[in-house]
Amino acid sequence: MQQIFGVDIGGSGIKGAPVDLDRGDLARERYKVLTPHPATPEAVADGVVQVVSHFGWSGPVGVTFPGVVTEGVTRTAANVDKAWVDVDARALLSGRLAGLPVTVLNDADAAGVAEMTFGAGRGRTGTVILLTFGTGIGSAVFTDGRLVANSELGHLELHGHDAEKKASTKAKEDEELNWEKWAKRVHKYLAHVEMLFSPELFIIGGGVSRKADKFLPMVADGIRAEIVPAALQNNAGIVGAAMAARRSATI
Ligand code: BGC
């Protein structure tokens, strides 16, 4: 059984576990620490170190980040401390983890990679788009199983607004929208993404995917693509991070 460590940095928690890459599942129960506030690079790195050392891990580590990541450098920080912009996160985390090899990638891309191999996107060809609804809206775009990284479709403009400000689950909570009102916004958003990309499949991820029956039937009207909830739910980021770290370790 091949194992690699995966860490998911989120707005409320930093979660991680060794991942069984044959099964695409956690090899041990995950460990979580609260995300520090402000979530500065140094403070978050402390959290990552706590999670990794909880398991006495020494091997490759994959880490998700809720923003654009190119070559291990975090480029945007829509929902985390702005101090993350242009930080060499790979070097920072590897340095704090006694030189362990670290791979950093966008959180939705990580979830997408896991879903395409072990979840709702398994075996699917053509254009597949995973959208995660949470504090923001994350996206992962695949064409014949290959990821187009850092797509950032949550920041498409809809009626003059950043889409995630209107259709994320945070917007639902902040504006106290009922399922129907929120689903209308999600529907408009999906129709817009469909107009631009014509995917065959939308995978809806994020915590809200657990409540798919409450809103998915309402967002599908008039959308040609198939729309399904994510299968791996909470652990997709951790699993995808570990998969990305394996890929970097074998290049
Ligand atoms: C960020 C994305 C991220 C998404 C979900 C957005 O605000 O720009 O990079 O994937 O939130 O965390």
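The values are calculated or read from the model by the stated rules, or taken from the named source; none is laboratory data. Just so it is clear, the structure is predicted and the values come from calculations on it, not from any experiment. Cβ sites come from the backbone with ideal geometry, for glycine too, and all protein chains shown count toward neighbours. Just so you know, the surface numbers come from the protein's heavy atoms only, side chains and all, with ligands and any DNA or RNA stripped out. Shrake-Rupley method; radii C 1.70, N 1.55, O 1.52, S 1.80 Å.
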Just the number, please: Stokes-Einstein D of the stretch 68-178 in µm²/s, Kirkwood Rh from C-alpha pairs, 10 °C, 1.306 mPa s. 103
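Mean projection of the alpha-carbon convex hull of the stretch 129-251 over all orientations, in nm²?
Its Cα hull, projected and averaged over all orientations, spans 7.8 nm².
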Which listed pairs, of Lys165/Lys211; Lys172/Lys211; Lys82/Lys188, have C-alpha distances above 18 Å, in listed order: Lys165/Lys211; Lys82/Lys188
Accessible surface of the chain, 1.4 Å probe, proportion on carbon and sulfur as whole %: 49
How large is the dipole of the stretch 110-234 about the Cα centre if only Lys and Arg carry +1 and Asp and Glu carry -1, each at its Cβ, rounded to the nearest 20 debye? 180
Set of lysines with alpha-carbon distance to Lys15 below 18 Å, sequence-local pairs under 8 removed: Lys32
If you take the Cα Rg of the stretch 1-83 and divide it by 2.2 N^0.38 Å, with N the number of residues, what do you get? 1.10
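So what's the back-of-envelope 222 nm ellipticity for the chain, counting only DSSP H runs of four-plus at -39500 (n - 2.57) apiece and dividing by all residues, rounded to 500?
-10500 deg cm²/dmol
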Sequence-separation-based contact order of the stretch 1-143, relative, with Cα cut under 8 Å and 6+ spacing, percent: 19
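Residues of the chain: accessible area per residue at 1.4 Å, in Å²?
Per residue, the chain has an accessible area of 45 Å².
How long are the three semi-axes of the equivalent ellipsoid of the stretch 178-221, in whole Å, if each is the root of 5 times an eigenvalue of the C-alpha gyration tensor, listed from largest down?
In descending order, the three semi-axes are 18, 13, 8 Å.
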If contacts are Cα pairs under 8 angstrom and at least 6 residues apart, what is the relative contact order of the chain in percent? 22
Cα-based Rg then Dmax for the chain, in Å, read 17.3, 53
